[in-house]
Amino acid sequence: MLLKDKIAVITGAASARGIGKAVARLFAQQGGRIAILDLDEGAAAAAAADIGPGHIGLACNVTARGDCERAAQEVIKRLGHVDILVNNAGITQPLKIMDIGPENYEAVTDVSLRGTLYMSQALIPHMRSRRSGSIVCLSSVSAQRGGGIFGGPHYSAAKAGVLGLARAMARELGPDNIRVNSLTPGLILTDITGGKLTEQMKTEILKGIPLNRLGEAQDVANSCLFLASDLSSYLTGVTLDVNGGMLIH
């Protein structure tokens, strides 16, 4: 049990086929107790109940700092403490550069980047008080290669910002024994990609993936478990690619 007696907060984890839910399920299997945060409180509570007893689901808009602080305090009140934060919440839009309007830019960067900042800020004081913590931030291969399959340039920018923020937090929080690491998934089969990936697109994409398959949410969850657990106790500021070799650099 890699996460025995550990408490983990996972944002944006209510979607049935999403990365967050896969992370929550795996963490629970490894002995962790989970707090799922999502915009929809009912969906968050249902997702928590689905992974087993003892877990909780709370409403939280990660773009609102007050919401993040309230959710953090509620988790601490109900579960006792927090060991792990997974900043998973994010949205994408398949827009070209000249089609990105202010509302598109704000929507995408707010959830991925501002949400990562606010949720981290909400839990860092608690982690500092315990001199222990692991924060995992979900970025994307899109941030590294300059665009993905479904995300526009503003998505790439937001996810690149997540990498910079995570590295800066890792430097600042290292003396507090709080580790901060990032994951950069490639093309993962989730609800975001569901129905949009044609067979022709899949064939073309697979030509650029040495492992010759698309990723699954479980692939990302496995890597997230490594970064969240003591298996990676001497790693901070790391960016771990989970893309089947799509981006070898």
Net dipole in debye of the chain [+1 Lys, Arg Cβ; -1 Asp, Glu Cβ; about Cα centre; nearest 20]: 540 debye
Relative packing of 151-158, 118-125, 83-90, which averages over residues the other C-beta atoms within 10 Å, highest first: 83-90, 151-158, 118-125
Proximal aspartates and glutamates to LYS77, defined as alpha-carbon separation beneath 14 angstrom and excluding residues fewer than eight positions away on the same chain: GLU69
Which of SER120, LEU79, ALA48, positive extreme of dipole for region 48-138 (C-beta unit charges): LEU79
Within the chain, helix-based [θ] at 222 nm, where runs of 4 or more DSSP H residues each add -39,500 (n - 2.57), nearest 500: -13000 deg cm²/dmol
When each of LYS6/LYS202; LYS21/LYS202; LYS6/LYS207; LYS159/LYS202; LYS4/LYS207 is checked by Cα-Cα distance, pairs over 32 Å: LYS6/LYS202; LYS6/LYS207; LYS4/LYS207
Order by protection proxy (mean Cβ within 10 Å, highest first), peptides 38-48, 229-239, 3-13: 3-13, 38-48, 229-239
For LEU240, distant residues with modelled amide H under 5 Å away: SER182, LEU183, THR184
Correct option for percent of Cα pairs over 22 Å apart [calculated from the coordinates] among (1) 50; (2) 57; (3) 65: (1)
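We did not get these values from a lab; they are worked out from the coordinates using the rules stated. On a predicted model such as this, the values are computed, not experimentally measured, just so you know. Cβ coordinates were reconstructed from backbone atoms using ideal geometry, including for glycine residues, and neighbour counts include every protein chain displayed.
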